[in-house]
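Colleague: I am attaching a structure below and will ask some questions about it afterwards.
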Amino acid sequence: MSQSLVIIGGGLAGSEAAWQLAEQGIQVRLYEMRPLRPTPAHVTNQLAELVCSNSLGSMLPHKAPGLLKAELRGLGSLILACAVQTAVPAGSSLAVDRDKFAELVTAKIEAHPHITLIREEVTAVPQEPAIIASGPLTSAALTASISQLTGEEYLYFYDAVSPIVDYETIDMRIAFRQSRYDKGQEEEGDYINCPMTKEEYERFCDALLAAETITLKQFEQEDPHFFEGCMPIEVMAQRGRKALAFGPMRPVGLIDPRSGKRPYAVVQLRQDNLIGSLYNIVGFQTNLKWGAQKRVLQLIPGLENAEFLRYGMMHRNTYINAPRLLHPTLQYRGRADLLFAGQITGVEGYMGNAATGLVAGINAARLLRGQMPVIFPTNTMLGALTHYVTHASSKDFQPMKANFGLFPPPPNQLPKSDRYRWYSERALTAMRRFARANGLGYDQALAEANLAEEVGERMTAVSQEQGIDGYPQVMA
Ligand SMILES: Cc1cc2nc3c(=O)[nH]c(=O)nc-3n(C[C@H](O)[C@H](O)[C@H](O)COP(=O)(O)OP(=O)(O)OC[C@H]3O[C@@H](n4cnc5c(N)ncnc54)[C@H](O)[C@@H]3O)c2cc1C
């Protein structure tokens with residue numbers, strides 16, 4: 001293979017991938033269509049522009065986003081290094097001054113001798129070695145070309161997601177396992193059912209109707225297809241008091257074993273990953289704000305103390321059916337020299353997207369040098385994420401962010417806080433060994449350093465130097 005490669009999209013994933021390749025001495029042509037062709041959400045010409053929140057999530061190593069950062073730091077992530085340098089105070093979260101962050105990433109990419117930044121729209125999937133990292137708002141022409149390659153049915157344009165719950169936080173003294181009319185594959189029932197009395201249903205509907213929703217972006221409001229086939233529960237509730245009880249909350253074919261009767265309404269949860277640690281709430285796509293969502297959903301009997309690993313949402317999002325189309329190396333199944341990275345693979349979250357850029361960059365460099373691409377171990381956060389998007393059910397594939405529910409469980413029962421620390425320690429050990437065995441550059445000291453403390457100290461030093469008391473505030 002040649003020693004050069006094309007990357008489409010100078011977002012978080014594309015910039016990270018370009019850096020990883022260029023640092024290995026590979027010549028990269030990075031195409032970014034802005035400013036010639038803007039997207040409906042970006043407002044600057046900079047690479048790695050954050051289109052919404054300026055928070056990149058927790059820095060604490062025993063939280064899933066913190067563990068992902070530790071792994072990325074050890075592996076030499078550009079995006080993370082730039083975020084640390086442009087951090088603003090946000091407690092244990094890593095939030096950045098969005099302009100300084102994007103300017104720094106752009107400057108680093110522009111200055112790299114092995115990267116040529118080309119401000120042009122790519123309208124067709126390249127025939128040469130390439131990484132497609134064109135994000136949730138991929139241009140129309142490229143979308144059409146990807147769809148031709150993959151088959152139209154494997155490309156999605158909207159993300160309509162139901163909330164996902166940590167199984168261990170469901171109160172099974174109230175909820176019960178059963179399939180409608182006992183017609184399931186599992187003996188004990190395929191679904192977890194949360195039964196409601198009429199009073200509980202009424203209270204739930206009142207709270208739902210009163211809850212605050214997210215305002216859709218203009219480009220989403222204007223699109224007539226947005227709600228097609230997947231109406232949010234709050235819109236359904238507005239259509240009539242019993243709409244939900246006859247819709248996703250219908251109780252037909254279900255008997256509560258405790259009362260021996262059919263409940264007035266039922267909320268059903270369906271297993272979402274193979275190991276059964278994640279459950280999604282069936283038919284509960286919603287645009288409620290996250291705080292309101294938690295309050296309303298915790299009114300459901302059995303979910304009073306539920307932990308939501310992902311909130312429901314609906315937004316424009318171009319992504320492929322990665323379980324069908326990609327290897328866990330992020331290579332396209334039909335072409336070894338074509339890789340995908342970022343949100344278009346079905347990974348969610350700024351750091352998760354940068355992480356897939358790093359994986360694609362490392363693997364593309366290996367392929368160009370005639371080495372085998374690597375598959376990160378599933379007990380590391382990088383490996384768990386790439387494993388999920390390439391092994392989830394392809395029938396109803398929906399994007400996913402970094403979370404501990406993706407990990408194989410520990411051999412023994414541990415309280416949650418101990419379990420999270422155990423996951424983190426296991427992941428960092430596995431990553432260290434894996435990097436060594438495969439000759440990947442990995443700085444163990446950086447990976448295991450206390451990032452939150454370092455960022456805190458750095459900001460105190462900067463504010464003292466500049467004689468200022470505060471920094472820009474974090475956007476929710
Ligand atoms: C409205 C909106 C709000 C969001 N809010 C959040 C949030 O708050 N937190 C969060 O974690 N995630 C959020 N996301 C998801 C977010 O987009 C991703 O987390 C992240 O930006 C994706 O990184 P990426 O590199 O895959 O794509 P992007 O960062 O979007 O980068 C893709 C780049 O490709 C370029 N491009 C597209 N097509 C072409 C082409 N044909 N030729 C050349 N260049 C092209 C685009 O201009 C863009 O710069 C949001 C997404 C949207 C759409």
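Bear in mind these aren't lab numbers, they're just calculated from the coordinates by the rules spelled out. Keep in mind the model is a prediction, meaning the values are calculated, not measured. No Cβ is skipped: glycine too gets one built from the backbone with ideal geometry, and neighbour counts run over all protein chains shown.
Colleague: Using a Förster radius of 56 Å, what is the FRET efficiency between Q413 and T44 based on their Cβ-Cβ separation? Nearest 0.05, please.
Modeller: Result of the calculation: an efficiency of 0.70.
Colleague: Then there is this: Which one of A83, V43, L60 is farthest out on the positive end of the charge dipole of segment 1-125, using unit charges on Cβ (Lys, Arg +1; Asp, Glu -1) and the Cα centre as origin?
Modeller: Selected residue: L60.
Colleague: Would you mind ranking W422, W290 by Cβ crowding within 10 Å, fewest neighbours first?
Modeller: The order, fewest Cβ neighbours first, is W290, W422.
Colleague: What percentages make up the Cα-Cα pair-distance distribution of segment 246-346 when the bins are 10 Å wide from 0?
Modeller: For segment 246-346, the pair-distance distribution reads 12, 31, 30, 17, 9, 1.
Colleague: Turning to a different aspect of this structure: Under the Kirkwood approximation for Rh and a Cα-based Rg, what ratio Rg/Rh is obtained for segment 1-40?
Modeller: 1.04
Colleague: What's the magnitude of the charge dipole for segment 52-202 around its Cα centre, counting Lys and Arg as +1 and Asp and Glu as -1 at the beta-carbon? Answer in Debye, nearest 20.
Modeller: Once rounded to the nearest 20, the dipole reads 640 debye.
Colleague: Can I ask one more? Assigning unit charges at the beta carbon (Lys, Arg +1; Asp, Glu -1) and nothing else, what dipole magnitude in debye, to the nearest 20, does the chain show about its Cα centre?
Modeller: 820 debye
Colleague: Continuing with this model, one more query. So, in nm, how far is label E448 from label K261 when the simple model puts each one 7 Å beyond its Cα toward the Cβ?
Modeller: The answer from the label model is 6.0 nm.
Colleague: Further, regarding this structure: Please order R335, R73 by the number of other Cβ within 10 Å, starting at the fewest.
Modeller: Fewest-to-most Cβ neighbours within 10 Å comes out as R335, R73.
Colleague: Here's a follow-up. Exposed loop GluC sites (Glu not before Pro) only (DSSP loop, at most 14 other Cβ atoms within 10 Å): please give the longest stretch of the chain free of them, not including the sites.
Modeller: After excluding every exposed loop site, the longest remaining stretch is 305-476.
Colleague: Multiplying the sequence separation of R458 and F157 by 0.36 nm and subtracting their Cα-Cα distance, what value in nm do you get?
Modeller: 104.3 nm
Colleague: Compute the separation of the alpha-carbon centres of segment 86-121 and segment 12-76 and state it in Å as a whole number.
Modeller: Computed from Cα coordinates, the inter-centre distance equals 8 Å.
Colleague: Moving to a separate point now. Sort M249, M231 by Cβ crowding within 10 Å, fewest neighbours at the top.
Modeller: Fewest to most other Cβ atoms nearby, the residues stand as M231, M249.
Colleague: For the chain, what does -39500 (n - 2.57) per DSSP helix run (n ≥ 4), summed and divided by total residues, give at 222 nm, in deg cm²/dmol to the nearest 500?
Modeller: Value at 222 nm, helices only, nearest 500: -10500 deg cm²/dmol.
Colleague: Another question, if that's okay. For the chain, build the charge dipole from Cβ charges (+1 Lys, Arg; -1 Asp, Glu) around the Cα centre, then report which of Q20, N321, M249 sits farthest towards its positive end.
Modeller: M249
Colleague: Please give the FRET efficiency for R177 paired with T429, using the beta carbon to beta carbon distance and R0 = 35 Å, rounded to the nearest 0.05.
Modeller: After rounding to 0.05, the efficiency reads 0.45.
Colleague: Return the Rg/Rh ratio of segment 364-463 with Cα-based radii and a Kirkwood Rh.
Modeller: Values: Rg = 16.9 Å, Rh = 16.1 Å.
Over the Cα atoms of segment 364-463, Rg/Rh equals 1.05.
Colleague: To continue, here is another question. Based on DSSP, what percent of beta bridges with both residues in the chain are antiparallel, to the nearest 5?
Modeller: Roughly 65 percent of the beta bridges in the chain run antiparallel, per DSSP.
Colleague: So the label point goes 7 Å from the Cα of H114 along Cα→C-beta, right? Which residues of segment 407-435 then have their backbone N under 20 Å from it?
Modeller: Residues 435 fall inside that zone.
Colleague: For the chain, taking Cα atoms only, what is the radius of gyration to one decimal and the Dmax to the nearest whole Å?
Modeller: 22.9, 72
Colleague: Can you compute the charge dipole magnitude of segment 164-311 about its Cα centre, using +1 on each Lys and Arg Cβ and -1 on each Asp and Glu Cβ, nothing else charged? Give it in debye, rounded to the nearest 20.
Modeller: Using only the charged Cβ atoms, the result is roughly 500 debye.
Colleague: Name the residue farthest towards the positive end of the dipole of the chain from the options G291, A175, A402, assuming +1 on Cβ of Lys and Arg, -1 on Cβ of Asp and Glu, about the Cα centre.
Modeller: Checked the options; the winner is A175.
Colleague: In Å, what is the Rg of the alpha-carbon atoms in segment 164-311, and how long is Dmax?
Modeller: In order Rg, Dmax, the Cα atoms of segment 164-311 give 15.4, 49 Å.
Colleague: Tilt of helix 12-23 relative to the longest C-alpha principal axis of the chain, in degrees (0 to 90, nearest 10)?
Modeller: 30 degrees
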